[in-house]
Amino acid sequence: MVGSALAVVLAGLWLRQRRSQRRADARQRQHFSAVEAELDALRGQVAELLGRERMLAEEAEHLAVKRLPAVAKALRHSHVKVPEPLHANLKESAGGKALASVVSGVSDALVSERRRVDGAAQAAMRGATTKLQTMCYQMQTTVDELLHKYDDPDLAEQLSALDYLNEQILRRLQVTRVVCGAGAGLVRTKSPLRALVMGASSRIPSYERVQIVDHLPRAVAVVDRAAEPVAIIVAELMANAVYHSHGSLPVEVSLHQAHNGAVIVVNDAGIGMNADEFGWARRLLSGSDQIHLAELGDPPRSGFAAMGELCRQFGIGVSVEPSQYAGVKAVVFVPSELLAEADEDELPVPAPAARPARPAAAVGPGASTPPLPQRRHRRADEEWERPARPARSRRTAAPGASGGAADRRFRDPDEAAARMGALQRGMAKGRAVSPDEGDSAGGSVDDGVDDGVDDGHDLPDGHELSTGHDPSGQGSEDDTERDSR
């Protein structure tokens, strides 16, 4: 009895201890599970940190090798794209934001330094071109004085060639000044639009290929503040058209009336431009973007950049498009705010009509002796022979230039120079013969003078005469003349 009771008691104690042990084991397993979960979480965090560290290292290398050089190139070339980060999930992290701030800071620093360097270069160019332009104007004045002082025809030819070369140098200096933020360096009075276009043709190589046609119903003038900018723009467009087309092809320049202004159209049959070049040209001509010297190439192609700056300053419009000849058609729009009525005394003088040929003298026994030609006054001949000069240019028109419905034709500067040379040679021949010899020669002195003048005036329109320089200009052309395309 007692043994049975003891066994029951011992069995109960054992069961109780067994339950306690199971509960302790369960608590221990739960604790181990919690610890294991914490360890797994810690392992995950460590792995994540190691992954972020690896990604940050890769991003830093990508930033130094790819992104920052691309940022520097994109500032010079707008078509260059800056690569995106390698890991997009880092953009919102502290490390990703720090790398983005590095890119932004480097870009701002490069832009600031670029502006400083470009500003210093432009200031240096402005100073140099201002001095050179002043010296060129002094040379122009000296050449003009020498042309009026000496009667030597050979010297006149050489001085004319020197003046022509000086005009081209002035054009390059003016374009450089405008690109560098300075003005044109020349102030004109109110000038007829036709005279400005004719004068602009005298600043370019191969000017004899330019054909000017005036379709304006009435003569208009450009106000003083915009006269020289219009001349610069038209000269640059003509230079581009001449340079990028074959030497045997003409360049058509026409003047038209618009509803609220005047239009100058420059049309060539040259090599043309592709879509990218047209886009770049239109961007420069808009004048809306700041252009740095480094963007213009080496050597700088500054023609369109200068035109865009002048368009922005004076409200002139310039557009380019493919021409019907597969070349380039440039249209210059001068608004009515920049136009005024042209005075009659300001208009360029058309070339005089050709005189009828002198009838041949009768030859034979019954023929009477023809009368001796009459000597004309030298001053009157010089006034009639001297070509009209719009503004400051001596070369007023290109060969073949015509104007208006009445087909107005303008004098070729080479032809005018040759006529003046013929007049001077005739006078020199007359001075070389003594009065007695002149009488015995049957009026040879007078014949020499008159024939020299008549030979100059009886030249047909468009006849080529040498002026001491190569009119084509192709031999002296260099890469700097490609500036606008």
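The values are calculated or read from the model by the stated rules, or taken from the named source; none is laboratory data. Please read these numbers as outputs of a predicted model, since none were measured by experiment. Reconstructed Cβ throughout: ideal geometry from the backbone, glycine too, with neighbour counts over all protein chains shown.
Residues in the range 286-315 that are on the phi < 0 side of the Ramachandran plot, modelled with pLDDT under 85 and either in contact with a Cys (Cβ under 6 Å, 6 or more places away or on another chain) or not charged (D, E, K, R) (or both): S288, Q290, I291, H292, L293, A294, L296, P299, P300. Of all residues in the range 76-102, those satisfying the criterion of being polar (S, T, N, Q) and in a helix (DSSP H, G or I) are N89, S101. Looking at the range 102-116, can you tell me whether even one residue there is surrounded by fewer than 19 Cβ atoms within 10 Å (Cβ to Cβ), out of contact with any Lys or Arg (no Cβ under 6 Å at 6 or more places or on another chain) and over 30 Å from K66 (Cα atoms)? No, the range 102-116 contains no residue that is surrounded by fewer than 19 Cβ atoms within 10 Å (Cβ to Cβ), out of contact with any Lys or Arg (no Cβ under 6 Å at 6 or more places or on another chain) and over 30 Å from K66 (Cα atoms). If I filter the range 73-99 down to residues being exposed (fewer than 15 other Cβ atoms within 10 Å of the Cβ) and of a type in the set (A, V, I, L, M), which single residue comes out as nearest to the chain's Cα centre (by Cα)? That would be V80.
Cβ-Cβ distances below 8 Å connect the following pairs, each with a first residue in the range 74-88 that is outside the structural domain of H292 (by TED's automatic domain parsing) and under 16 Å from Q290 (Cα atoms), a second residue that is assigned to a loop (DSSP other than H, G, I, E, B) and among the hydrophobic types (A, V, I, L, M, F, W, C), and a separation of six or more residues or different chains: A74/V80; A74/V82. Being of a type in the set (G, A, S), closer than 26 Å to E309 by Cβ and out of contact with any strand residue (DSSP E or B) (no Cβ under 9 Å at 6 or more places or on another chain) is a condition met by no residue of the range 212-222. S254 meets each of the listed conditions (1) hydroxyl-bearing (S, T, Y); (2) under 22 Å from R203 (Cβ atoms); (3) in contact with a Lys or Arg (Cβ under 8 Å, 6 or more places away or on another chain) apart from (3).
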